[in-house]
Each structure stands twice: as structure tokens, then as C-alpha cells.
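**Student:** Encoded as C-alpha cells, here's the structure I'll be asking about.
The values are calculated or read from the model by the stated rules, or taken from the named source; none is laboratory data. As the structure is a computational prediction, the values presented were derived from the model and not from experiment. Please note: Cβ atoms are built from the backbone with ideal geometry, for glycine as well, and neighbour counts cover all protein chains shown.
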Amino acid sequence: MTSSAFPSTPARVLAAVAAVLVVLTAVAFAQTVDENVPTPELVDRILVIVDEEAILQSDVQREVALYFLEARNAGQEIDMTEAEVRAEVLDRLVESKLIIAAARQEEIEVSDDAIAREVQGNIDQLVRYYGSEASLERALSDEGMSLGDYRRRARGQLRDQHYMRAVIHRFIRPKVEVREEEVDAWYHEHSDEIPATPDSLTLSDILVPVEPDEEVQREVQRKLGAVLQGLGDGAAFADVAREYSEGPAAAKGGRIGRVSRGDLFSQVLEDAVFTLGVGETSPPIVTERGIHVVRVDEADGEGRVVSQIFFPLQLGEADVERARTAAEAVYARLVAGEPFDKVAMEVSADPTSAPQGGRLGTFAMTDLSAAIQEQLADVAAGGMTRPFLTPAGLYIFLVRDRVEGHRFTLDEVRDRVRQAVESEKMEGELTRYVDGLRKRFVVDVKE
């Protein structure tokens, strides 16, 4: 279990205060909605009236689309159907409106000036992130919004958040008290779930790539030659991309959009992007996914707007088996006693570690991919994995050193356990409070 075992607020509070009323972040704007998630056609049919506040079909559809967008951007697996997500979103919107109705009945006031300042602060931050207001407007346009749309939506969401925080602060939190014996009991009941510090491993690697056969390589070289010829003759990058690129952005002239460090799947590709100046085009870059020719269209201190021409490398089972045979031959050399450093320098295709004899450095186990963690789970210091297949090719890892992690004591995590207990108790109080609101206010369901 991760550190999410210690929420600072209960799940229902998070749902009421943040999850439903999402203020779009720069990260969300920088991504493109997955093609498999249909963009809703917004209409203004009323679904529910809570007190005097209406919930529109467009409200629900927008929040459902944002749920899928943000989950996919975060790499989270979605275990609910769209209908189930829609029902949960609608229920949480009803809860939010009930809490707002209670706030108004209690004459809780929210400062319009303070909200306006927050909205402008959010916009100013986004402008800094994108480098200019024009770049921000283009990013919003990609999500089907204008700057005015964002300002109106953010203003409404922040207003609702202020109301809900005030109600929770006045009516929920004062009822919650956490005793030390409850903290002790929670720790002992959940000790197996409390995260431990991960193992630390010092690693070396050898990478044997999976490469296409010679005929495929010749065809890719022919296509790449046509691209380089067109660019060399002065053709616009976007025109060449539309004609030759086989990437998903080809129809848009290869334009991918804005990327920051850490967004790209390949360190080689990222290094190339952040080395280029505005208007410059890279030489061909080979990654495990294919061949990229990248152009930087715009730049600011933290990001780049890029376009690319891309050719995927079509690999078959015969290519994998050929690489597997080569990797097993490398493994046999290591088992026979040849120094790992020497073999890595001779055969490894990892551009980062090969010149250092395969030495990668020291990593927390949790910083490694799930596939690599699985292979290294039971390898002691001095041990070595057999060749295993990844998207980059076949890897062999040597564990040069391994430091075991440890489980936290109660004294080390007492404050976080107290927050977890408080969170659970607040969620119970909030559930009871909202159930009471459903009896005090009219919830008129129209569908």
C-alpha cells in the first residue's frame, strides 16, 4: 500500500471539495483527450434540482469526460463503466449542491473578490506554464474551451469549494475528536498496510535490442530518405509530416503539443527535444517505438511545443526470437565468468550505461518499472537476472548492492495515523450530515 493509506481528509470530503469540482490544471490541458473517450455534446437539459440549484446534463457529461481524461493521464486503471461513473458523479454533484444550500441557509458568505483573485491567480500561473496567454488559449482550444469559458467555470467551481469548506469547518470538523488509544488501535489493525521504505538497489544492465529484419530496415531508410530530402529542399515541416509521417499526429502536420521534462517515454528523445532551439529540427532519433524526426515550434523555460515525423518499427516474433538468442548467448558469457563491465561495453545497446560498463547507479525499488521490479524482487546483492523482454528489448541486470527497506514504527508515523483516523471519523460525520440535508432540502430528480 502506498502513502495514500494516510489521507489528510476523508474520501467523501475529497469528493465533495475537490474531485467533483475539478479546476483544470496545466497538466490536464497539456494532454489530448483519449480518442476512445467520446467528447460529449453539451446540452442544457435539467437532470436534478437541489433546493434552487439545477444540475444540467452538460454538467454531468463534462465531469465524466474529465474523470476519464484525468484517470488516463495519471495512468490509472478505470474499473467502472461510463454509466457507473456517471451515476457516481451525479450523486456527488447532488451532495455538493446540498452542502451549498446548507451554507446559504446559515448565511455563510463567500467573497466574490477573493474568488476573482484566485481565478486570476490560476490563469496567471497557467500563462507562466505555457509561456504566453496565446499559448494557453491554444491549449484550451484543444480541449474545446476558450479563456472566457475557463474563467467562468473556474469561478463557479471555486465558489462552490469555498462554500463546502466553510460548512465542513463549521459543522463537521468540530464533532471529530481523535484519542491516542484510537491512534494506537488503528496502527495495529493496519500495520500490514502501512508503507515501508523500499529496498535500495545499485544496478548495472545490458540491453540487447529487438531489431527488424534487413528488409524492414531498408524500407524505413527509404522513407526516412524521402523525409530528409524534402526538408533539405526547404519544404515546410508540417507539409512533410502530413505526407510521410505514420504517427497519430500526421494529419495535424505532426504537431504533438507542449511537453515538459518527464513527459516523454524516452530519455534519448527528451534530451534531443530540450537541446533543440526554436525552429530547429533534430536528426533521426531511434527509440524502442520507432524513428523520430522532431522539430521545436515554441519554447519557454519549462516546456517545448513540438512536432514530429514518426515511423514505427514493425517487429515480428522472428525478430524477438533472434534477439532472445543473442541475449542468451550474452548471459552464457556472464555465467562463464566474463566480467559484466567488459561484456556490457562490448554488446549493450543502452546508450546511457554501456560506456560505463553497464553501471546505472542506485535506485529505490519503487522508482523502477513494475516489470523490472518483478524481475529483481528476489535477486540478492551480486546476483543477476536472466534475459527478460521489455518494450526496449531484452535486459540482463546485475545487482551490485542491495539495502533492505524497513517498516515504519508507530512513533515514525503517528501524525499520519492520526490523520487517517480523523479522516475516517470525518467521513462518517459527513455521511450523516448529508443524509440529514436530504431530508431538509428538496431533491427533485427529473430523469
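**Student:** Considering every residue within segment 267-274, establish whether at least one is β-branched (Val, Ile, Thr), surrounded by 15 or more Cβ atoms within 10 Å (Cβ to Cβ) and not assigned by TED's automatic domain parsing to the domain that holds Arg255.
**Tutor:** No, because not a single residue in segment 267-274 is β-branched (Val, Ile, Thr), surrounded by 15 or more Cβ atoms within 10 Å (Cβ to Cβ) and not assigned by TED's automatic domain parsing to the domain that holds Arg255.
**Student:** Here's a follow-up. For segment 275-294, enumerate the residues that are over 22 Å from Glu133 (Cα atoms) and either among the basic types (Lys, Arg) or part of a loop (DSSP other than H, G, I, E, B) (or both).
**Tutor:** Thr275, Leu276, Glu280, Ser282, Pro283, Pro284, Glu288, Arg289
**Student:** Quick one: would you say Arg258 is assigned to a strand (DSSP E or B) and basic (Lys, Arg)?
**Tutor:** yes
**Student:** Report yes if Arg104 is surrounded by 12 or more Cβ atoms within 10 Å (Cβ to Cβ), over 27 Å from Val50 (Cα atoms) and of a type outside the set (Asp, Glu), otherwise no.
**Tutor:** Against the criterion (surrounded by 12 or more Cβ atoms within 10 Å (Cβ to Cβ), over 27 Å from Val50 (Cα atoms) and of a type outside the set (Asp, Glu)), Arg104 does not qualify.
Table: residues versus (1) out of contact with any helix residue (DSSP H, G or I) (no Cβ under 6 Å at 6 or more places or on another chain); (2) of a type outside the set (Phe, Trp, Tyr); (3) in the same structural domain as Glu298 (by TED's automatic domain parsing); (4) without any contact (Cβ under 8 Å) to a residue 40 or more places away in the chain.
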residue: Glu106; (1), (2), (3), (4): yes, yes, no, no
residue: Asp113; (1), (2), (3), (4): yes, yes, no, yes
residue: Val119; (1), (2), (3), (4): no, yes, no, yes
residue: Tyr129; (1), (2), (3), (4): no, no, no, no
residue: Glu133; (1), (2), (3), (4): no, yes, no, yes
residue: Asp149; (1), (2), (3), (4): yes, yes, no, yes
residue: Gln157; (1), (2), (3), (4): yes, yes, no, no
residue: Pro195; (1), (2), (3), (4): no, yes, no, no
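Yes/no per residue for (1) of a type outside the set (Gly, Ala, Ser); (2) closer than 26 Å to Glu214 by Cβ; (3) buried (at least 16 other Cβ atoms within 10 Å of the Cβ); (4) out of contact with any Lys or Arg (no Cβ under 7 Å at 6 or more places or on another chain):
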| position | (1), (2), (3), (4) |
| --- | --- |
| Pro355 | yes, no, no, yes |
| Gly358 | no, no, yes, yes |
| Met365 | yes, no, yes, yes |
| Gly382 | no, no, no, yes |
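**Student:** It is to be established whether one or more residues within segment 296-304 are under 20 Å from the mean Cα position of the chain (by Cα), small (Gly, Ala, Ser) and surrounded by 20 or more Cβ atoms within 10 Å (Cβ to Cβ).
**Tutor:** Among the residues of segment 296-304, at least one is under 20 Å from the mean Cα position of the chain (by Cα), small (Gly, Ala, Ser) and surrounded by 20 or more Cβ atoms within 10 Å (Cβ to Cβ), which makes the answer yes.
**Student:** What are the residues in segment 238-255 that are assigned to a helix (DSSP H, G or I) and aliphatic (A, V, I, L, M), if any?
**Tutor:** Ala238, Val240, Ala241, Ala250, Ala251
**Student:** Same structure again: Say we look at segment 386-419 and pick out the residues that are within 30 Å of Arg322 (Cβ to Cβ) and hydrophobic (A, V, I, L, M, F, W, C); which of these is surrounded by the most Cβ atoms within 10 Å (Cβ to Cβ)?
**Tutor:** Once the filter is applied, the top-ranked residue is Ile396.
**Student:** I'd like to verify a number: residues in segment 184-231 that are closer than 24 Å to Leu368 by Cα, surrounded by 18 or more Cβ atoms within 10 Å (Cβ to Cβ) and hydrophobic (A, V, I, L, M, F, W, C), how many?
**Tutor:** Total satisfying the criteria: 7.
**Student:** OK, next. Looking only at residues that are of a type in the set (S, T, N, Q) and in contact with a helix residue (DSSP H, G or I) (Cβ under 8 Å, 6 or more places away or on another chain) in segment 315-355, which one is nearest to Leu394 (Cα to Cα)?
**Tutor:** Ser348
**Student:** Next up: From the list Gly393, Gly405, Gly337, exactly one residue is modelled with pLDDT of 90 or more and of a type in the set (Gly, Ala, Ser). Which is it?
**Tutor:** Gly337 is the lone residue from the list that is modelled with pLDDT of 90 or more and of a type in the set (Gly, Ala, Ser).
**Student:** Can you tell me which of Ala249, Ala241, Ala323 is surrounded by 17 or more Cβ atoms within 10 Å (Cβ to Cβ) and assigned by TED's automatic domain parsing to the domain that holds Asp367?
**Tutor:** Residue meeting the stated conditions: Ala323.
**Student:** If you take the residues in segment 275-284 that are surrounded by 16 or more Cβ atoms within 10 Å (Cβ to Cβ) and out of contact with any His (no Cβ under 8 Å at 6 or more places or on another chain), which one is farthest from Arg295 (Cα to Cα)?
**Tutor:** Filtering first and then ranking leaves Leu276.
**Student:** Working carefully through the options Gly253, Gly230, Gly262, find the one that is on the phi > 0 side of the Ramachandran plot and at pLDDT 90 or above.
**Tutor:** Result: Gly253 is the single residue among Gly253, Gly230, Gly262 that is on the phi > 0 side of the Ramachandran plot and at pLDDT 90 or above.
**Student:** Please find, among Glu215, Glu302, Glu298, the residue that is among the acidic types (Asp, Glu), more than 30 Å from Gln356 (Cβ to Cβ), modelled with pLDDT under 90 and touching a strand residue (DSSP E or B) at 6+ places or on another chain (Cβ under 8 Å).
**Tutor:** Glu298
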